[in-house]
Structures are given as C-alpha cells and as structure tokens.
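Only one structure is covered here, and it is reproduced in the block below.
Every number here is computed from the coordinates shown, using simple stated rules; none is lab data. Owing to the predicted nature of the structure, the values given are computational and were not obtained by experimental measurement. Positions of Cβ are backbone-derived with ideal geometry, glycine not excepted, and every protein chain shown enters the neighbour counts.
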Amino acid sequence: MTISQNADSFALNGATSQIPDRSTWRVRRLEVFLGSILLGPVAVVSIAGRTPSIFCVDLVALFCIVAVLWKRLPAEDVKRSLFHGVWYWYLGYLLLVLLTVPMGVDPLRSIVGLKVRLMPFLMFSVISLLLRNRRQVMRFMTAVGLCGVAVAAMTIVIYTMEMHGYKGPFMPDPEDTKDIAQTTFGVSNYIGSILILTLPLIATFKLSGGVKTAAVRFGAFAISLVALLLTNSRGSVISLVAGLVLWMVFTLLFVPMKAVGRAKLLLSLGAIVALSVVSWEMLPDIITYSFAQRMNVLLADVQSGNLASNRASVWLPGLSHALDSPVIGIGIANQYEEMAKLGMDTSSHNLFLETILETGLAGLVLLTGMLTACLITVIRLSRTGTTEETRRIGLALLLGFLAGIINVCAEPSFWGAEYGYIFWSMVAGAYALKRFDIDSRQGALA
C-alpha cells in the first residue's frame, strides 16, 4: 500500500484526526502559496508596479518547487502522482514551445512567453505531489475558491476607491467605466476570467454547521457576482451563462441523480439567478447603463451578421498569419510583432488561434489534448466519483472548465500568470481526486 493509499484510507474511515502532522503541513504550504498569489502582488504593486508583483508570485512558486524537490519522495508515489494523460500532453506542449523560442523576434518576450507556460506546469506537478489524501484535496479546493472570493472583494474595494477619487500610484487610468474595476491582476476582462473559474467552487464550501455553511456560500456568491458585474466584461458573463446551460444539460441527462437531488439542483440554480438579479439591481446606474450599452452593441453586431463583433478585427489577421505558417507557426510570443506590422497593439484574443499561430498545428493538437484530458477527468469525477463530496467537486470543476474554455475563445487570459496558476491548481486537485478514487475502488475489490 502506498503512502497516498494509506492516507486516503484514514479519510474514508472517518479517522481524519490520525493524518500525520507532516501531511497537514504540506497542504498548508499550498494555502500559503495561494495566499501569496493574492497578497504578494497587492503588497508589491504599491511600491514597484505590476511587473515586479508578478515576479513576486513566481518567486513564491519557485520556493514551493524547491521545497518539494528538497524532500525526496518515493519513486512509486511520484510515478502515480505525475505520470498521467494531461501531464504528458502538457510536457509535449512545453517541449514544442521550447523549440520555438529561438524563432523569437524579441528574445526577452520569447523567454517570458516560455516562463508563463512553464511555471504553471511546475506548480501543477508540485501540487499533484503534495496532495496526499482526499481530505487535503477538499481543503485545497476550498482555498482555491476563497482565493477567487478574495479577488472579487479586492475588485469591489478598488472600484469603490476609484469612484471616490482614490487610486494606487501604479494603477493605470481606466479608459472607460468597464475598466474601473481593476486590481493588480489586470484589467476587468482578466478579473472576469478568474472569477468564472472559481465561482462554481463556492458551492462546495462546507463548514461544521448547516446555517453557517449556507451563510458563507450566500455571502461568497454575492461578492463574486457583484464583482463580476462590476467588471462589465461581456465575454465573462456570456461564457458563464453558456457554460451553465451546457452544464445543466449534461448534469440532468448524464449524471446519476435521485429525483430529490435534481430538485435541489434546480432550486439552487433558481436561487443563483435570483441572487444575480438582486445584485444587478444593487449596482450603480453608471455600471448597469454601461453594461447594457455594451450588450446592445454586441446584439446589434450579431443582428447585422457580424457574429464576432469587435473580435473580428483581431481574429482575421491572426488567422491570416496562421495560414502563412500552419505547420510550425511563427514562434512563441511573435504574434505581437506580426500584429504591430498591421498597426495593431494586441494579441489574437483566442487561445486556439494564438496556439496555431505561434506553434502551428502540432501545438494546437497538444493543447487540445491537454484540455480534453482535463474535461474527461472532471466528467468522470462528476459521474462516477466514489463519494458524494467527490462528485460535487467534479460538477463544480466541470462548470468552471466549461465556462473557462468558452471564455478563452475570446480572451487571451489562459497563459496569464495568476490565471494559469489558479487553473492548473484546480486541474491538479481533480487528478488527485481521480487517483484516490482508483485507490478506493482497488481497495474495495481487494
């Protein structure tokens, strides 16, 4: 029996108090890491600006990586924790990216492009190694959800400060009301991308008392929804709604569930809709008016046949460059130089288009394999998880991933520093749960 099997058997038997202190310390290190993503940039940005704040997060990530490497883990545990589908897909993608670095027009930008892809992979591997039982995964997922709630709270606070004329020395001036809700995480679209990932995890929060749990969930939902609406990010809101529709269809048709469970699910969704309406009514008129105007522009574009709206101006040039070099691409981070030739200071705003543009068809295949492996894992957790808690986490992750994948079709958020860490933290938790489910089934058969 491996260390992870032995630890998981404690959790399954209800003897969570017998989990060794060293195991608890491991998951606490992960919570410190998540806190550093949130608090590190806040502390540093007031002194030196955004770039050093991201560097601060990377330093903490490197510290976590070194701490794991310093502690020699049994080879069997390393093999079971790391060597699985998505890890191989991600490793193949990284090797391809590494081959394209010499093609970079701007060496520094190419190195940064490699770094933002490498660091989440390393932390994904570290988290996979540190999560040693089901109880730790549940606690870690709660920490990820709370990280999103904290981002939302920061967004509301900074928005309020902006509205009253207070602003940090290194915060950029907002171009319009859409970008008033900015934090050190970036402009509003980036904040929205993070919130739609973490918001579904709020439903998995579990405290000792039923009333306390309900109050925390309600408050966390309210804070996250208000912050999401404050961003005025049409793409994030549309992605969340579209992901929710797909998730409902999948859950009602394919997830084994009793009639009572389905009724609770529908009531919960109704409560979320009602809370969203109440949150909307509470927002200042300047925000609701601005968001409504932006949605009207989008609807007018769709009605006129321009389904891509303002994204067409960046998708079409990106597609044209991709067709010029479809096999190996133009090299990592070179899309900015190519767009600059057209007088555009932006990316292609589509993860899959950016991938084929920079790394060709090979990169697109590897990225698609990566995301497909993630989706298959959370689908299996939601349908066949060995415990109710596992299935609930699987459903929350499925909703977040569906909304996230839809969103990155119109946003360049996927390889952003904080977004990448949060997304791959969630994936690591999903694969850890999958591993413990396999252990539980094997133990039952034995």
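Table for the structure above
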| quantity | calculated |
| --- | --- |
| Pair Ala242, Gln303: separation of 7 Å Cα→Cβ label points (nm) | 2.1 |
| Value of D in µm² per second that Stokes-Einstein yields for the range 326-443, Kirkwood Rh from Cα pairs, at 25 °C (0.890 mPa s) | 155 |
| Ranked packing of 134-147, 290-303, most packed first, by mean Cβ within 10 Å | 134-147, 290-303 |
| 31 Å Cα-Cα threshold exceeded, pairs from Lys212/Lys434; Lys206/Lys434; Lys79/Lys258; Lys264/Lys434; Lys115/Lys206 | Lys79/Lys258; Lys115/Lys206 |
| Contour minus Cα-Cα distance for Tyr289 and Asp106 (0.36 nm per residue) | 61.7 nm |
